[in-house]
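Let me begin by presenting the structure, written as structure tokens, before commenting on it.
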Amino acid sequence: MMQENSNLYTSSRIEAPEEFSDVFSHFYQAQNTSSESISKMLLPSFQTILIFSFGLQPTMIHTLTDTRIDIERCLVLGPVKKAFRYSLPPGSNILVANFKNDAFFRFFGQAVIAEHFSVHPDHLLGENCFTDLWTELSTLKDTHERIHYILEYCRPYMRPRNTVAEALSDFSHESLNPVKAVASLQNQTERTVQLSHKKFLGYTAKEANRYRRFLKAVMHIQDVLEASGKVEWFDIISECSYYDQSQLIHDFNHYLHISPTRYLKFQEDICISENR
């Protein structure tokens, strides 16, 4: 479990139990006990996330296009393809479940909800089960108890994995094209596998490849900052397979709406949820 602590702000990342390792990558908890609102930026993860907000005031999300969303109780976002800022008002406490790969589809029968960026999870099912779940969670004070309750609550609703979705999710050969490899393995056309990628995961293989390159650059920058504090941009370009500096800048603007150099100034306030 990874933690971030100050006198008045705490946060922690809690890994999912092995039994649910193909469903949730991790859970994230943050609490603000200060008298002022605290703002953070969440790096895109290409995961769908379920946010539970506890406290007298709603947690607020601000997209990079200045759309504001108030989370009164619970909200689903994703797949998160671009960064957004979130604000924790005084007394707030959030718990975030991060769905892994095709897991969101296995629960809801769809993977893409990002056209409108967010949705209340009850609207996906046409019933108030998540509002009821939030009510039960709000009576629990311990984060681990809340996570255990969520896991037990969701257990009956999880559908079996589709074989193509499983093959795409588990694909780990960086030197091979996942669509071509899975198409050959499953005896399907590449077009069919491309459509399955979008259907079950919520994004295309091309989008995923671009994001992984960007994430590799961000992680490399973090490692360099921790080791020496000085980033050599041409080393980043070479290590992460960018054509040139302009392509690197374009990706930072695409995902974060800031340049790489501005990222260095604000990186301490940026949360990275993706597994390394």
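Could you please find all residues in the range 160-196 being of a type outside the set (Asp, Glu), under 23 Å from the mean Cα position of the chain (by Cα) and in a loop (DSSP other than H, G, I, E, B)?
Going residue by residue through the range 160-196, those that are of a type outside the set (Asp, Glu) are 160-165, 167-169, 171-173, 175-189, 191-196.
Now narrow it down to the ones that are under 23 Å from the mean Cα position of the chain (by Cα): 160-162, 164-165, 167-169, 171-173, 178-179, 194-196.
Within the range 160-196, PRO160, ARG161, ASN162, PHE171, SER172, HIS173 meet the criteria.
If a residue counts only when it is more than 20 Å from TYR9 (Cα to Cα) and at pLDDT 90 or above, which helices (runs of 4 or more DSSP H) contained entirely in the range 77-144 have at least 3 such residues? Give the derivation first.
Values: elements: 103-108, 121-125, 129-138.
The qualifying helices (runs of 4 or more DSSP H) are 103-108, 129-138.
Would you confirm whether or not the range 232-243 contains a residue that is out of contact with any strand residue (DSSP E or B) (no Cβ under 6 Å at 6 or more places or on another chain), open to solvent by 90 Å² or more (accessible area, probe 1.4 Å) and among the hydrophobic types (A, V, I, L, M, F, W, C)?
Checked against the condition, which is being out of contact with any strand residue (DSSP E or B) (no Cβ under 6 Å at 6 or more places or on another chain), open to solvent by 90 Å² or more (accessible area, probe 1.4 Å) and among the hydrophobic types (A, V, I, L, M, F, W, C), the range 232-243 yields at least one hit.
Out of (1) modelled with pLDDT under 95; (2) buried (at least 17 other Cβ atoms within 10 Å of the Cβ); (3) among the basic types (Lys, Arg); (4) assigned to a helix (DSSP H, G or I), the odd one out for ARG155 is which?
Every condition holds for ARG155 apart from (2).
Take the residues in the range 197-225 that are surrounded by fewer than 16 Cβ atoms within 10 Å (Cβ to Cβ) and either over 22 Å from the mean Cα position of the chain (by Cα) or of a type outside the set (D, E, K, R) (or both), then tell me which one is farthest from SER45 (Cα to Cα).
Top of the filtered list is LEU225.
Where in the range 21-75 are there strands (runs of 3 or more DSSP E), lying fully within it, with 1 or more residues that are open to solvent by 40 Å² or more (accessible area, probe 1.4 Å)? Let's see the steps before the verdict.
Working: elements: 24-32, 38-42, 49-54, 59-63, 68-71.
Answer list for the range 21-75: 24-32, 38-42, 59-63, 68-71.
The values are calculated or read from the model by the stated rules, or taken from the named source; none is laboratory data. Note that the structure is predicted; figures quoted are calculated from it, not measured. Neighbour counts run over all protein chains shown; Cβ positions are idealised from the backbone, glycine included. When the accessible area is computed, the model is the full protein with side chains, heavy atoms only, and any ligands, DNA or RNA have been set aside. Shrake-Rupley method; radii C 1.70, N 1.55, O 1.52, S 1.80 Å.
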